[in-house]
Amino acid sequence: MGRKPKSLVTIVSLSFLALGQSFILAQPPGQGPIRRGPELKGARERWSSMSLEDRQAFRRNAERWMQMSSAERNLMRDREKSHREELKRQADAALRDAGLRLDQQKRELFEQRYLQERRKMERVLRQEIESKRNQELPALNDRLRKEFQQVSPAGKSTSTPATSASPTK
């Protein structure tokens, strides 16, 4: 069993290099932008700096990646490339809107921090939406159950559901 963890680390490292930072939810401040290439030491450092939750999510994503066909992988790469380009445009717009004129090194640092904070903000928003959804789902399920359980005088369920007082989307 000694080779299995090493092969898993290799798969995870290669997946990480192939997908870039899309699976990492946040980078610690001070690290430079992720570079593609055989920098396994950098990948190991990033791996060890990830939380247990992030590592588990990364492993699940790496396993899914390994199960994808080459066409699906190419589609994911294209989507990720488009997503990164859009985020880069947004980071550039944020820099422009801030009215800052920075040298290349500080510009890269600004972009890195913008992306880091953006990922953190989006993670919090996803958690808030999930929490709100989980709070509202029982009421929705109850309302629909009552709506579709109404029976007609003949003892059969109605063919048209009762309309709700408040529209739901």
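The values are calculated or read from the model by the stated rules, or taken from the named source; none is laboratory data. Note that the structure is predicted; figures quoted are calculated from it, not measured. Cβ: placed from backbone, ideal geometry, glycine included. Neighbour counts: every protein chain shown.
Data for the structure
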quantity	calculated
Residue in segment 153-164 that is modelled with pLDDT under 90 and in contact with an Asp or Glu (Cβ under 6 Å, 6 or more places away or on another chain) present	yes
Out of E130, E147, E86, sole residue that is assigned to a helix (DSSP H, G or I) and over 22 Å from the mean Cα position of the chain (by Cα)	E147
Residues within segment 54-85 that are closer than 14 Å to R119 by Cβ and either exposed (fewer than 13 other Cβ atoms within 10 Å of the Cβ) or touching a His at 6+ places or on another chain (Cβ under 9 Å) (or both), tallied	1
Unmet criterion (only one of (1) closer than 22 Å to E117 by Cβ; (2) at pLDDT 55 or above) for S48	(1)
Filtered residue count, segment 89-100, keeping only those that are assigned to a helix (DSSP H, G or I) and surrounded by fewer than 12 Cβ atoms within 10 Å (Cβ to Cβ)	5
Any pair with Cβ under 8 angstrom, 6 or more apart, that starts in segment 121-135 at a residue that is touching a residue at least 40 places away in the same chain (Cβ under 8 Å) and ends at one that is surrounded by 10 or more Cβ atoms within 10 Å (Cβ to Cβ)	R123/L25; R123/A26
